[in-house]
Amino acid sequence: MEKGMAKLSARKVASAGKGEHADGGGLVLQVTGTGHKSWQFVFKRGARGEAKRVRLSLGLLADMTLADARAKASELRAELAAGRDPGLLLAPAPRAASPTTSPEQGPDTFGHWAELKIAAMADELRNRKHHDQWKMTLRTYAGDLFPKPLASITRGDVVEVIKPRWLTTPETIQRTLGRIAAVFDYAAAHDAYDGGNPARWDAAMKLRLGPRLKLSRGHMEAMPYGDVPAFMVRLAQVKGTGAQALALVVLTGARSGEVRLATWGEIDPEAAVWSVPAERMKAKKPHKVPLSPAALAILGEPGEPDDYVFHGRKHGRPLSDMTLSKLLHSLDDGGYVPHGFRTSFRMWAQDNGIPYEVAERCLSHEVGNKVSRAYARSDILEVRRPIMADWAAHVMSAFGQEPAGMVTDEHGFIVAA
């Protein structure tokens with residue numbers, strides 16, 4: 001067995017709690033807050049420095065043993081080593097239509113009509129890359145729908161293939177949902193389907209999946225929340241205020257700019273609250289952040305009210321906007337960005353049953369329309385406090401100690417007391 005492989009055992013798999021548990025070599029056991037267990041294969045696609053982390057679903061634990069999952073992961077690693085897309089190995093073999101078969105005469109499965117739609121898109125899309133994306137997303141992420149007759153597919157079936165990635169890869173999976181809907185529209189246009197479109201984005205779908213994530217500055221690559229504890233251990237080995245600032249970004253779910261420009265006058269250690277002024281908030285409204293014991297330990301002893309909490313190289317100057325990004329990339333080349341930790345938290349919150357409105361308020365997002373917001377003036381600070389404490393306990397769990405054990409030594413290193 002290769003070094004770093006076979007970290008899991010049958011006993012560990014059976015007793016695994018919520019989160020992500022790595023076996024090595026890209027094989028991961030994912031456990032949701034409701035105890036749902038499934039196997040995933042994680043790998044990086046793209047040139048070095050631009051690589052993005054990709055997840056493939058291998059199947060449910062109930063249907064696939066640890067040995068079976070390792071065997072499948074070995075096959076996928078071989079595909080990667082050969083320079084091929086491992087996602088294509090998992091895609092169900094589509095039932096090809098003969099040259100003389102018209103769409104009206106074809107079989108009624110989703111897979112058949114997906115392949116016909118993909119073929120039709122070759123003429124519509126001049127960019128070969130976009131055509132390949134259509135094939136990859138439908139075959140990989142909607143593969144479980146391929147053998148099913150169109151008429152038998154329900155909204156629940158669509159949600160089942162979409163929801164696991166709704167927060168981890170929002171841009172890709174939102175496009176996949178649109179492409180699934182396009183397949184049904186294509187079949188309906190050829191009189192092969194006459195039911196309602198189960199993949200159509202509407203109020204009912206929003207209730208099942210939650211609102212679409214807004215990607216304000218392009219797609220923010222988010223670290224899976226199960227990987228964050230191990231990342232925090234690596235971060236603890238880095239010296240300086242940049243590491244401390246990035247740790248606070250993770251612990252609070254705040255935007256990096258809010259953290260970099262924080263001053264000591266905004267921090268109230270006794271109340272364990274950080275009050276961010278309106279001018280630094282995206283919504284231009286003041287926001288109070290509950291500080292967990294781990295966050296307070298990172299902050300340490302307060303300085304002068306007007307001084308920056310995390311100073312730059314020059315006295316009286318804050319950290320630059322690239323400091324945290326460069327640090328994150330030096331510790332993990334998965335293409336993640338500091339802003340993505342907000343999505344990591346959001347994904348964790350959803351899997352742990354945190355109400356949608358509360359989770360959004362933890363991230364300083366506005367929820368509801370103007371009228372409902374006018375009546376809901378409370379910042380629900382004390383409701384948010386235990387949630388952020390639980391999040392801190394999760395991200396610090398790899399230290400094997402209570403969250404309050406994360407402190408900095410005299411050299412500026414983050415250490416576990």
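The values are calculated or read from the model by the stated rules, or taken from the named source; none is laboratory data. Keep in mind that this is a model prediction, so the values were computed, not measured. When we count neighbours, we look across all protein chains shown, and the Cβ atoms used for this are built from the backbone with ideal geometry, even at glycine.
Considering the stretch 310-338 alone, what residues qualify as being under 24 Å from TRP264 (Cβ atoms) and at pLDDT 85 or above?
Here is the first cut: in the stretch 310-338, the residues under 24 Å from TRP264 (Cβ atoms) are 310-324, 327, 338.
PHE310, HIS311, GLY312, ARG317, PRO318, LEU319, SER320, MET322, THR323, LEU324, LEU327, PRO338, listed by residue number.
Would you be able to tell me the number of residues in the stretch 287-306 that are in a loop (DSSP other than H, G, I, E, B), surrounded by 15 or more Cβ atoms within 10 Å (Cβ to Cβ) and not small (Gly, Ala, Ser)? Walk me through it before giving the result.
Filtering the stretch 287-306 down to residues in a loop (DSSP other than H, G, I, E, B) leaves 291-292, 300-306.
Then keep just the ones that are surrounded by 15 or more Cβ atoms within 10 Å (Cβ to Cβ); that gives 291-292, 303.
If we keep only those that are not small (Gly, Ala, Ser) as well, we get 291.
So the answer is 1.
Looking for whichever is crowded, with 18+ Cβ neighbours inside 10 Å, among the polar types (S, T, N, Q) and touching a His at 6+ places or on another chain (Cβ under 9 Å) here; the options are THR169, THR137. Which one fits? Give the steps one after another, and end with the answer.
Details: THR137 fails: touching a His at 6+ places or on another chain (Cβ under 9 Å).
Exactly one residue qualifies, and that residue is THR169.
Report, by residue number, each residue of the stretch 237-258 that is assigned to a loop (DSSP other than H, G, I, E, B) and surrounded by 19 or more Cβ atoms within 10 Å (Cβ to Cβ). Reasoning before the result, please.
From the stretch 237-258, those assigned to a loop (DSSP other than H, G, I, E, B) are 237-238, 240, 253-255; that's our starting set.
Hits for the stretch 237-258 are GLY253, ALA254, ARG255.
Find all pairs meeting these conditions: Cβ atoms under 7 angstrom apart; at least six residues apart or on different chains; first residue within the stretch 153-175 and within 24 Å of TRP113 (Cα to Cα); second residue hydroxyl-bearing (Ser, Thr, Tyr) and part of a helix (DSSP H, G or I).
Qualifying pairs under 7 Å: VAL161/TYR141; ILE162/THR176; ARG165/TYR141; THR172/THR137; ILE173/TYR141; ARG175/THR137.
Please specify each residue of the stretch 259-286 satisfying the condition of being within 18 Å of LEU381 (Cα to Cα) and in a helix (DSSP H, G or I).
Correct list: GLU266, ALA278.
I need a count of the residues in the stretch 176-207 that are of a type in the set (D, E, K, R), touching a residue at least 24 places away in the same chain (Cβ under 8 Å) and either exposed (fewer than 14 other Cβ atoms within 10 Å of the Cβ) or outside the structural domain of MET136 (by TED's automatic domain parsing) (or both).
Our first condition is that a residue be of a type in the set (D, E, K, R); within the stretch 176-207, this holds for 179, 185, 191, 194, 200, 202, 206.
Those left that are additionally touching a residue at least 24 places away in the same chain (Cβ under 8 Å): 179, 191.
Okay, now just the ones that are also either exposed (fewer than 14 other Cβ atoms within 10 Å of the Cβ) or outside the structural domain of MET136 (by TED's automatic domain parsing) (or both), so 191.
Total meeting the criteria: 1.
Do any helices (runs of 4 or more DSSP H) lying entirely in the stretch 107-174 carry at least 3 residues that are farther than 28 Å from ARG342 by Cα and at pLDDT below 90, and which ones are they? So that I can check it myself, show each step before the final result.
Details: elements: 110-124, 128-141, 155-162.
Where helices (runs of 4 or more DSSP H) fall fully within the stretch 107-174 and carry at least 3 residues being farther than 28 Å from ARG342 by Cα and at pLDDT below 90, they are 110-124, 128-141.
Working only within the stretch 350-367, note down all residues that are in a loop (DSSP other than H, G, I, E, B) and surrounded by 15 or more Cβ atoms within 10 Å (Cβ to Cβ).
The initial filter retains those residues of the stretch 350-367 that are in a loop (DSSP other than H, G, I, E, B), namely 352-355, 363-367.
Answer for the stretch 350-367, where residues must be in a loop (DSSP other than H, G, I, E, B) and surrounded by 15 or more Cβ atoms within 10 Å (Cβ to Cβ): ASN352, ILE354, LEU363, SER364, HIS365.
Quick one: would you say GLY26 is at pLDDT 75 or above and at positive phi? Steps first, answer last, please.
Working: at pLDDT 75 or above: yes; at positive phi: yes.
Yes, satisfied.
In the stretch 175-193, what residues are outside any helix (DSSP H, G or I) and modelled with pLDDT under 85? Even if it seems obvious, please write down each step before you answer.
Step one: filter the stretch 175-193 for residues outside any helix (DSSP H, G or I), giving 190-193.
Within the stretch 175-193, HIS190, ASP191, ALA192 meet the criteria.
Looking only at residues that are part of a loop (DSSP other than H, G, I, E, B), closer than 19 Å to GLU360 by Cβ and touching a helix residue (DSSP H, G or I) at 6+ places or on another chain (Cβ under 9 Å) in the stretch 377-400, which one is modelled with the highest pLDDT? So that I can check it myself, show each step before the final result.
Initial filter on the stretch 377-400 (part of a loop (DSSP other than H, G, I, E, B)): 377-380, 396, 400.
With the extra rule that they be closer than 19 Å to GLU360 by Cβ, the set shrinks to 377-380.
Retained after the next criterion (residues that are touching a helix residue (DSSP H, G or I) at 6+ places or on another chain (Cβ under 9 Å)): 379-380.
Working: ASP379: 75, ILE380: 85.
Looking at the filtered set, the residue picked out is ILE380.
Within the stretch 339-349, can one find any residue that is in the same structural domain as PRO386 (by TED's automatic domain parsing), part of a strand (DSSP E or B) and among the aromatic types (Phe, Trp, Tyr)?
Filtering the stretch 339-349 for residues in the same structural domain as PRO386 (by TED's automatic domain parsing) gives 339-349.
Those still in the list that are part of a strand (DSSP E or B) too: none.
No, every residue in the stretch 339-349 fails to be in the same structural domain as PRO386 (by TED's automatic domain parsing), part of a strand (DSSP E or B) and among the aromatic types (Phe, Trp, Tyr).
Looking only at the stretch 222-236, which residues are at pLDDT below 85 and assigned to a loop (DSSP other than H, G, I, E, B)?
ALA222, MET223, PRO224
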